[in-house]
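Chemist: Got a structure for you, written out below as structure tokens; questions coming shortly.
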There are 4 protein chains.
Amino acid sequence: MSHRDGMTKTSSGFFVSQEAPIRTDDPVQTPTSPAPDILRCAYMDLVVTDLAASRQFYVDILGLHVTEEDDDVIYLRSTEEFIHHNLVLRKGPVAAVAAFSYRVRTPEDLDRAVAFYSEIGCRVERRPEGFTKGIGDSVRVEDPLGFPYEFFHQSEHVERLSWRYDLQIPGELVRLDHFNQVTPDVPRAVRHYQDLGFRVTEDIQDEDGTVYAAWMRRKPTVHDTAATGGDGPRMHHVAFATHEKHNILAICDKLGALRRSDAIERGPGRHGVSNAFYLYLRDPDGHRVEIYTQDYYTGDPDNPVITWDVHDNQRRDFWGNPVVPSWYTEASLVLDLDGNPQPVRTREHRSEMAVTIGADGFSYTREGDDEAMPSWKQGEYKLGNQL
Amino acid sequence: MSHRDGMTKTSSGFFVSQEAPIRTDDPVQTPTSPAPDILRCAYMDLVVTDLAASRQFYVDILGLHVTEEDDDVIYLRSTEEFIHHNLVLRKGPVAAVAAFSYRVRTPEDLDRAVAFYSEIGCRVERRPEGFTKGIGDSVRVEDPLGFPYEFFHQSEHVERLSWRYDLQIPGELVRLDHFNQVTPDVPRAVRHYQDLGFRVTEDIQDEDGTVYAAWMRRKPTVHDTAATGGDGPRMHHVAFATHEKHNILAICDKLGALRRSDAIERGPGRHGVSNAFYLYLRDPDGHRVEIYTQDYYTGDPDNPVITWDVHDNQRRDFWGNPVVPSWYTEASLVLDLDGNPQPVRTREHRSEMAVTIGADGFSYTREGDDEAMPSWKQGEYKLGNQL
Amino acid sequence: MSHRDGMTKTSSGFFVSQEAPIRTDDPVQTPTSPAPDILRCAYMDLVVTDLAASRQFYVDILGLHVTEEDDDVIYLRSTEEFIHHNLVLRKGPVAAVAAFSYRVRTPEDLDRAVAFYSEIGCRVERRPEGFTKGIGDSVRVEDPLGFPYEFFHQSEHVERLSWRYDLQIPGELVRLDHFNQVTPDVPRAVRHYQDLGFRVTEDIQDEDGTVYAAWMRRKPTVHDTAATGGDGPRMHHVAFATHEKHNILAICDKLGALRRSDAIERGPGRHGVSNAFYLYLRDPDGHRVEIYTQDYYTGDPDNPVITWDVHDNQRRDFWGNPVVPSWYTEASLVLDLDGNPQPVRTREHRSEMAVTIGADGFSYTREGDDEAMPSWKQGEYKLGNQL
Amino acid sequence: MSHRDGMTKTSSGFFVSQEAPIRTDDPVQTPTSPAPDILRCAYMDLVVTDLAASRQFYVDILGLHVTEEDDDVIYLRSTEEFIHHNLVLRKGPVAAVAAFSYRVRTPEDLDRAVAFYSEIGCRVERRPEGFTKGIGDSVRVEDPLGFPYEFFHQSEHVERLSWRYDLQIPGELVRLDHFNQVTPDVPRAVRHYQDLGFRVTEDIQDEDGTVYAAWMRRKPTVHDTAATGGDGPRMHHVAFATHEKHNILAICDKLGALRRSDAIERGPGRHGVSNAFYLYLRDPDGHRVEIYTQDYYTGDPDNPVITWDVHDNQRRDFWGNPVVPSWYTEASLVLDLDGNPQPVRTREHRSEMAVTIGADGFSYTREGDDEAMPSWKQGEYKLGNQL
């Protein structure tokens, strides 16, 4: 828990402070072994139940580029990528995440990863030949929060397609941007990922210091991953970046043209958190994919940490459009190292959905403004009470 | 009422036919006098209750250009306009529309307007000096549907600001695009406006031929005005065009920055009808303003008329985002020629909101697809039952 | 010849007046027969020498949609079009234009076209079955300026692809916008096309009243065709519109990716004349194609006519980038009704290129500003003297 | 000098290899002291001769935000910045660069900077109170290539304006992106900056291994600075980033509207090197400013280094538009630590301008293609021979 002492309110309505205004009473043990030096989120290993349907979604519609494929697995990458893949679609019986995979700076960082996780009793598996094609020596772990994390350095190089405009579509995805994980106790998760070397860039809190979500980075963008408060461990979404906002609108248009608009869950819109323009889709298995563009540089060590008030209805959509309930409640299972789904534990802290939309919720556009929410917004913000 | 015989289903899911698949059993009398030759919708004369608040909205936020103003009236124009104004903000006791004003081709068309409306018993008032500054000889009428319509030809010319990029903002409004009127009986309204020379470009119907809305044009865009089924006569919205989609997103961003995001009622999104990109705002009096861009050329006499199925949930938002209830139910009063609000008559035909969202509604993304609406859409489409 | 009396200088540096500040001492005879009522430029019938190479350019690169094709002819249309085609590529021995084709309002307008041209001694050919597939009763003429003009009303309807975002590419061409014709005597051409019903929207003149080019419209955009002063009759370019500026940049990017960037002749840039964003390409035969977006509405009868000073270096490129000499000197042959190239007559009036760039030219950014052109612009503006 | 052995040709026409395909026969001594850990290029300290004219250019036109100003100095920042400034405009007698300033990770890195440069005999000056307002302890040096380099860690924090869309203009500059330095011997410069911790991302070479320019980064973009071959030490340009391409076009449009289009030196266009969209302006003193958007992530240690052939005419403009001669020949003086201009030494290696445009130059669009450059490109590429 935390408080707003030491935070400075900005002219945009949120607060800034120095990392990190989050404290936990129930920390994961901090290893004495140094953490591996993570470069960036690199790929997600995703289990899908209908490979053909998933291929249609990710390749034919979203336009990810196929590096390699066979009857059971498809290796995909974004335009700008030069490592083998950013997304693996793997045929399996249960839709789930097999790994959140990070690239580390050196081969030696894999030894560090083994030591780091072994010290705190996590299950660790290392495969010199890698878990996926195109990737070499890799370490997979069941992390203390129950997430399957992977670390690797070596990858086959493939051609960066940034100059191949002849292959690009109106909604071209240029980069893997970040992961997002659902976990019951956000401060506990934040503290652990700080131990792993992540830096907090933004979070959402209430006045009592309840933390609803936090964004954490290695590369100098707003995040490589985020912890979203909820029943977990589950995967909230994986996000790809486009160059411009119209690229994201083009994806919506294409889904409409294909009569697949029901793949759109939320957006497009402008985030308050991250200042990025966004869209959330659901793939044929219900895995959530975000399309994202134009956050900001966070690479300085004293980068100001931003805290949004949970009742500020511009925090998740800067235009005040309410979050749909499914976005809060639905997420993908994650697998243990044997390929079985991790059990999901219930969040016991307050629910962001409950405190903001629906019967018990409260949100404001202008803090302290007594004017009622206008008629056209009331219906939207009371949506939650139907659940 | 109408039927789908003679309509051709397109690969996009809507139907095309020749003008106009709409018939009325209760027509307004067709005048024998020829209709005035209308060029385009030219300006709206809008009564607002707090002129300073309205000036802030239309000038400081939306960036319309002030041609002239005094303590009681502000004359505004869009970037591209060379006539005196596209919007008049007039201080008054009740928020309402004083006139939907159209420009006609010649001075003689005003004589035609007088004869056309007099013949069918409408109240007509002509002022050689005009009803608003900058505009000459004008005719105002209470039209058979209860709307205050104005016709004029002469206007002072002002400088077109299209090349004055130094004055332009990220959300620059370049043109007045159209009006939208709420009226209980859409086929009756369509037939009357066809008599006045309008051509139907698109409409929304159900399989029984109930017409929920129709779009009609003089200039070769999708519309100069539209008839939306509902309690009327009321004004649904006035629409301004931007050049590009990002200009519309910039308006949302600016409203967020100013903590005025509750002015956003619906969108941004892509319309099915018109294929335009859109956003709906509410001004300080609740008058609805649409921002709109990129519909299509309709100027050929055999331009295909498009009919959308009312149950097609991509008709009003091509991305399947549901319409908020207030958008269906709320609208502005219109004034008679004495400045008193016209009484509002209830729509007796079916309600588009009732048949599409909420407890009784039904909508599909893919016609004939038995799959249930996904979980993330169900909540949104059941929104209506709270009203 | 004309003078600047009666013109008003705007804050943007050009002049406005009422139509049309152009007079000719050598007019074509004005027919007493009424002109056909032209709706819009509809398609160009283009002879190409290598059909496969042209198909690659217009279909594979520019993404025009094939309505129909065989070994000798390809019929192409833009996204928004519902008539059969906007461009015909016809295999032939000499690269040239076989027809500038306009759609007229009614079948009877074809009789008017026959009478109009017959009266002034032009060669006329009428084919009830049309000259191209998908088009019915048509009239072709050798007009008084030597151009092959076609008029038709009837066309097969095809599906408008505006909602088919799944078929669209980053550089999607949505509309045929205009033609541009090279002719030695611009005032003579303007007067003739005014007789045919065109209205002047903009022109370029010097202080002595020499007219270098004029833009003329039927539909309410800046032009359906333009007269560019030069050796003629020749075709300067045919122009297609995109929705947004980034679509035009995407065409450049694709040409770069395909190592076909030498197809770019001039631009991209912002026109002074028309205020549109533009790009000029050259097809495999050297036919010039413009890509164009965002001019302004011109449909009012008193639409202000804009006159640009020929020495204003922002007139053709509002950013002051000089015109490349080939753009002034190169153009396509046009055919007579037997399919033979029309002889080209030399322009005897002043040359825009000579008076603006090169050894004898003079251009200014700020009129009356004594400061020399900066070093980085001098080289560019002296380019012409190498020819 | 280098060779193409070990390079792999890509499908886009350039080569990739591992860092760095550049070798020097005349290296600067490599210090044994460790280099300071540079985060990123942070600000340029720029001497201007007319402060009011410069303020108009950078504030009124380009929209940089004033953090602080007095009669002699103006401190400016981009939208996203939270340190005190990205650009200092300082009134002085000779237009020049007083410092290229980099932010380092820790206060201790300033000790490292002192040791690093002292060891190799460079003049070093440290000021605990900083050289500019808002910045603390700073080290300035005359680096071995003659450039005034600054290093600092401490800065006052100011509000990041990313969410303040109400303050933003169509051409909003969001980030300082990079510097560019002119130096006679590029391999020597590269080697020295590698010693300082920079990584090469791209370069331009000929088949003999002559290096014409190289791009080097600390933050994971294509560069924080670049070495451009030419008479030096001089400053080639300072670059700011926008979010989207239309923002850059808006700057051109605004310059046109203000009749300041002669500030545009080159572009807009797409770079081959960096894949970014660009524009080059010249400020009132002739200092060159680039506006830049959308390069790619380079943060992995094995990021492929790209080598462009100097004769590839898509290397500097991917659309094949030739570079104007002034862009090669003109640049700004740099100052020594006493504020006197550094003497300029002539480049003795081959000149990129001479080998590519003008009388002696040679460029190709498709390597090995025998077809002559088309007529419309010849004039442009022969431009250089007038100098």
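Please treat every number below as a calculation from the coordinates, not as lab data. Note that the structure is a prediction, hence the values are computed from the model and not measured. Note: ideal-geometry Cβ built from the backbone for every residue, glycine included; neighbour counts use all protein chains shown.
Chemist: What residue of chain B sits with its beta carbon nearest the rotation axis taking B to C, and at what distance in whole Å?
Modeler: Axis relating chain B to chain C; nearest Cβ residue and distance: B:Glu244, 2.
Chemist: Here is a further query. Give the shape of region A:34-139 as rounded, prolate or oblate, defined through the alpha-carbon gyration tensor: a ≥ b ≥ c are the square roots of its eigenvalues, a/c under 1.5 means rounded, and otherwise the shape is prolate if a/b is larger than b/c and oblate if not. Spell out each step's value before the answer.
Modeler: Numbers: a/c = 2.53, a/b = 1.74, b/c = 1.45.
Verdict is prolate for region A:34-139.
Chemist: Here's a follow-up. Have a look at D:Met353, D:Met235, D:Met216 and tell me which one the Gaussian network model of chain D (Cα, springs below 10 Å) gives the largest fluctuation.
Modeler: Fluctuation is largest for D:Met353.
Chemist: In whole percent, what relative contact order does chain C give with Cα contacts below 8 Å and a gap of six or more residues? Intermediate results must be reported in sequence, preceding the final value.
Modeler: On the way: 943 pairs, mean separation 68.6, N = 387.
Relative contact order comes out at 18 percent.
Chemist: Suppose R0 equals 51 Å. What FRET efficiency, 1/(1 + (r/R0)^6) with r the Cβ-Cβ distance, do B:Leu167 and C:Arg123 give to the nearest 0.05? All intermediate terms of the calculation are to be shown ahead of the outcome.
Modeler: Numbers: r = 52 Å, r/R0 = 1.01.
After rounding, the FRET efficiency stands at 0.50.
Chemist: Give the distance, in whole Å, between the Cα centre of region A:58-124 and the Cα centre of region B:230-277.
Modeler: About 41 Å separates the Cα centre of region A:58-124 from the one of region B:230-277.
Chemist: Okay, next question. For the pair A:Glu367 and D:Glu156, what calculated FRET efficiency results from E = 1/(1 + (r/R0)^6), where r is the Cβ-Cβ distance and R0 = 35 Å, to the nearest 0.05? Don't skip to the answer; put the middle values down first.
Modeler: On the way: r = 27 Å, r/R0 = 0.76.
Calculated value: 0.85.
Chemist: Continuing with this model, one more query. Could you tell me what percent of the DSSP beta bridges with both partners in region D:1-89 are antiparallel, to the nearest 5? Write out the running numbers ahead of the final one.
Modeler: Numbers: 9 of 12 bridges.
Within region D:1-89, antiparallel bridges account for around 75 percent of the total.
Chemist: If you don't mind, another one. Counting other beta carbons within 10 Å of each Cβ, put B:Thr132, A:Thr30 in order, fewest first.
Modeler: On the way: B:Thr132 22, A:Thr30 13.
Ranked by crowding around the Cβ, least crowded first: A:Thr30, B:Thr132.
Chemist: Among DSSP beta bridges whose residues both lie in the protein assembly as shown, state the antiparallel percentage, nearest 5. Kindly include the intermediate steps, with their values, before the conclusion.
Modeler: Values: 252 of 344 bridges.
Restricted to the protein assembly as shown, the bridges split so that about 75 percent are antiparallel.
Chemist: I need the inter-copy label distances for A:Asp369: point set 7 Å along Cα to C-beta, values in nm with one decimal, smallest first.
Modeler: Between copies, matching label points for A:Asp369 lie 3.8, 4.3, 5.7 nm apart.
Chemist: List the pair-distance distribution P(r) of region B:215-344, using every Cα-Cα distance, as the percent of pairs falling in each 5 Å bin from 0 up to the bin containing the longest distance, rounded to whole percents.
Modeler: Calculated over all Cα pairs of region B:215-344, the distribution is 2, 9, 17, 21, 21, 15, 9, 5, 1, 0 percent.
Chemist: For A:Lys219, which lysines qualify as cross-link partners when the Cα separation must be under 19 Å and same-chain residues fewer than eight apart are set aside?
Modeler: Partners within reach: D:Lys219.
Chemist: Apply the membrane-span-like helix rule to chain A: whole DSSP H runs, Cα extent along the own long axis of at least 18 Å, mean Kyte-Doolittle hydropathy at least 1.0. List the helices found.
Modeler: Working: long enough: A:245-257 (19 Å, 0.33).
TM-like helix candidates: nothing returned.
Chemist: Sorted from shortest, what are the nm distances separating the label point of B:Glu207 from equivalent points in the other copies, each placed 7 Å from Cα along Cα to C-beta?
Modeler: Result for B:Glu207, in nm, nearest copy first: 5.5, 7.2, 7.5.
Chemist: Let me ask another. List, largest first, the extents of the alpha carbons of region A:211-256 along their principal axes, each in whole Å.
Modeler: Cα spread of region A:211-256 along its principal axes, largest to smallest: 35, 27, 15 Å.
Chemist: Give the relative contact order (percent, whole number) for region C:247-387; include only Cα pairs under 8 Å separated by 6+ residues. Write out the running numbers ahead of the final one.
Modeler: Numbers: 170 pairs, mean separation 26.0, N = 141.
For region C:247-387, the relative contact order is 18 percent.
Chemist: Between the label point of C:His311 and that of the same position in each other copy, find the distances and list them shortest first in nm, with every label point placed 7 Å from Cα along the Cα-to-C-beta direction.
Modeler: Values, ascending and in nm: 4.5, 6.8, 7.2.
Chemist: I've got another one for you. Kindly state, to the nearest 0.05, the FRET efficiency for A:Ser11 paired with B:Asp50, given R0 = 25 Å and r defined as their beta-carbon distance.
Modeler: 0.50
Chemist: Okay, moving on. Take peptide B:4-16, look around each residue's Cβ out to 10 angstrom, count Cβ atoms belonging to other protein chains, and average those counts. Walk me through the intermediate numbers first.
Modeler: Numbers: counts 0, 0, 0, 0, 2, 0, 5, 7, 11, 4, 1, 0, 4.
Across B:4-16, the average partner-chain Cβ count within 10 Å equals 3.
Chemist: What is the distance, in nm, between label points placed 7 Å from the Cα along the Cα-to-Cβ direction at A:Arg105 and at A:Gln378?
Modeler: 5.7 nm
Chemist: Grab the other residues whose beta carbon is less than 11 angstrom from that of D:Asn275, score K and R as +1, D and E as -1, and report the net. Kindly include the intermediate steps, with their values, before the conclusion.
Modeler: On the way: positive: A:Arg160, A:Arg164, D:Arg270; negative: A:Glu80, C:Asp253, D:Glu202, D:Asp295.
Charge balance in the 11 Å sphere: -1.
Chemist: Continuing with the same structure: Helix-derived [θ] at 222 nm for chain A: sum -39500 (n - 2.57) over DSSP H runs of at least 4, divide by residue count, nearest 500?
Modeler: On the way: 7 runs with 57 residues, N = 387.
Result for chain A: -4000 deg cm²/dmol, rounded to the nearest 500.
Chemist: Right, next: Going by a ≥ b ≥ c, the root eigenvalues of the Cα gyration tensor, does region C:1-80 fall in the rounded group (a/c under 1.5), the prolate group (a/b larger than b/c) or the oblate group? If you can, show how the numbers build up before the last one.
Modeler: On the way: a/c = 3.03, a/b = 1.98, b/c = 1.53.
It is prolate, given that a/c is not under 1.5 and a/b is the larger ratio.
Chemist: Run the numbers on region B:1-121 and let me know its relative contact order in percent, using alpha-carbon pairs under 8 Å that are six or more apart.
Modeler: Numbers: 183 pairs, mean separation 39.1, N = 121.
About 32 percent, as a whole number.
Chemist: Could you list the GluC sites (Glu not before Pro) in region C:96-141 that lie in coil according to DSSP, counting only those with at most 10 other Cβ atoms within 10 Å of their Cβ? Working shown, then result.
Modeler: Values: sites: C:Glu108, C:Glu119, C:Glu125, C:Glu129; in loops: C:Glu129.
When the GluC sites (Glu not before Pro) of region C:96-141 are filtered for loop state and at most 10 Cβ neighbours within 10 Å, C:Glu129 remain.
Chemist: Kirkwood Rh over alpha-carbon pairs of chain D, then Stokes-Einstein at 37 °C and 0.692 mPa s: what D in µm² s⁻¹, rounded to an integer? Write down the numbers at each step before the final one.
Modeler: Numbers: Rh = 21.3 Å.
For the chosen part, D equals 154 µm²/s.
Chemist: Next question. I'd like to know which of D:Trp327, D:Leu173, D:Thr49 lies farthest towards the positive end of the charge dipole of chain D, counting +1 on Cβ of Lys and Arg and -1 on Cβ of Asp and Glu.
Modeler: The listed residue farthest towards the positive side: D:Leu173.
Chemist: A further question on this structure: Is the protein assembly as shown rounded, prolate or oblate when judged by the Cα gyration tensor, a ≥ b ≥ c being the square roots of its eigenvalues, rounded requiring a/c under 1.5 and prolate requiring a/b larger than b/c?
Modeler: On the way: a/c = 1.65, a/b = 1.21, b/c = 1.36.
Oblate.
Chemist: Moving to a separate point now. Which of A:His243, D:His85 has the fewest other C-beta atoms within 10 Å, and how do the rest follow up to the most?
Modeler: Working: A:His243 25, D:His85 31.
The most exposed by this proxy come first: A:His243, D:His85.
Chemist: Quick check: the distance between the Cα centres of region A:303-332 and region B:285-316, to the nearest angstrom?
Modeler: 32 Å
Chemist: How much length is gained on full extension from A:Thr30 to A:Arg345, taking 0.36 nm per residue of separation minus their Cα-Cα distance? Working shown, then result.
Modeler: Values: separation 315, 0.36 × 315 = 113.40 nm, distance 2.22 nm.
Between A:Thr30 and A:Arg345, full extension yields 111.2 nm more.
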